[in-house]
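For reference, the structure discussed in these notes is given below.
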Amino acid sequence: MKHMIPAALTIAGSDCSAGAGIQADLKTFQHFRVHGLTAVTCVVSETAEIVRAVHPVPVDVVSDQISLLLDSFPVAAAKTGMLFSAAHVRAVAAALARWPDLQIVVDPVMIASTGAPLIEPDAIDAYHELLFPLARVITPNLHEAEALLGEKIRHEDALMSAALRLSAQFGTAVLLKGGHLEGPKCIDLLAEKGEVFRFSESRIQVPASHGTGCTLSAAITAALARHESLSRAVQIAKNFLGETLRHSYRFESAAGGSIHALNQGTTLDPR
């Protein structure tokens, strides 16, 4: 039987709390009626409140997962999330380079929203040299963009300059997420070939921010798998992320306090 829905692959870490990582990606793919495939790079013991431990998957196992899935399924788009080490980045890039027509979304999970590092330092060079050149779009947050440029980004004018320079440097589109800038609006900029698309939305004041980057990049990947243009894919993803925030919920922790979660099960129309 001919396949009826597109397939997308996430290459990322496993978040046991299901707020981020491959769990968030799969929920997002399902919402957009895309068949989700996974290549697990590491197993993370975490919740929205704490990262307790990161357990990397052996590099050869990561490579084998990717190769098997790309050889077996008609994958239309793929995304990368947490890759952990330079060896993992090199292996992922080598596996993806065999498929030049694949639409690849690189979420460079280098620095958490809190500013904490999430990869080994030498992995950044491997991103620069091997993975970014394969990408259809790169989706750094403000901290990651600052690390890539080696300078602070303090206002929207600097955000535009940074997005354009990153796009020119890596020869691909860059969605620079400016949510950490001060102000009532969240500004994201998509830069490609010297052109900039501006996405502005009112800030949603909710504590459920764990997994927003994963959810956004997964939604972009799903939209690209459904053959949307990049700018349209970003807008669709932004709309979806807003709904996951507005419909977020919380659990009362057995240890006391609350844990908030995005709602990727929202009924927002995926088109």
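What follows is calculated from the coordinates using simple rules that are stated; it is not laboratory data. Not measured: the values here are computed from a predicted model. Note that each Cβ is placed from the backbone with ideal geometry, even for glycine, and that neighbours are counted across all protein chains shown.
When you look at D64, is it of a type in the set (D, E, K, R), more than 30 Å from V196 (Cβ to Cβ) and out of contact with any Phe, Trp or Tyr (no Cβ under 6 Å at 6 or more places or on another chain), yes or no? Against the criterion (of a type in the set (D, E, K, R), more than 30 Å from V196 (Cβ to Cβ) and out of contact with any Phe, Trp or Tyr (no Cβ under 6 Å at 6 or more places or on another chain)), D64 qualifies. For beta carbons closer than 6 Å, sequence separation of 6+ or different chains, a first residue in the range 9-38 that is in contact (Cβ under 8 Å) with a residue 12 or more places away in the chain and within 20 Å of I119 (Cβ to Cβ) and a second that is buried (at least 24 other Cβ atoms within 10 Å of the Cβ) and of a type in the set (D, E), the qualifying pairs are T10/D25; G21/D15. Condition check for V54 on (1) in a helix (DSSP H, G or I); (2) surrounded by fewer than 17 Cβ atoms within 10 Å (Cβ to Cβ): one failure, at (1). The residues of the range 1-51 that are of a type in the set (K, R) and surrounded by fewer than 17 Cβ atoms within 10 Å (Cβ to Cβ), listed by number, are K2, R33.
Can you name the residue in the range 11-51 that is assigned to a loop (DSSP other than H, G, I, E, B) and among the β-branched types (V, I, T) and is also farthest from the chain's Cα centre (by Cα) among such residues? Spell out how you get there, then give the answer.
Going residue by residue through the range 11-51, those that are assigned to a loop (DSSP other than H, G, I, E, B) are 16-20, 32-34, 47-50.
Retained after the next criterion (residues that are among the β-branched types (V, I, T)): 34, 47, 50.
Working: V34: 16, T47: 18, I50: 20 Å.
Filtering the range 11-51 for residues that are assigned to a loop (DSSP other than H, G, I, E, B) and among the β-branched types (V, I, T), the one farthest from the chain's Cα centre (by Cα) comes out as I50.
The numbered conditions (1) exposed (fewer than 14 other Cβ atoms within 10 Å of the Cβ); (2) touching a Pro at 6+ places or on another chain (Cβ under 9 Å); (3) among the hydroxyl-bearing types (S, T, Y) are all true for S72 except (2).
Taken over the range 161-175, the criterion of being touching a helix residue (DSSP H, G or I) at 6+ places or on another chain (Cβ under 9 Å) and either part of a strand (DSSP E or B) or not hydrophobic (A, V, I, L, M, F, W, C) (or both) is satisfied by R165, Q169, G171, T172, A173, V174, L175.
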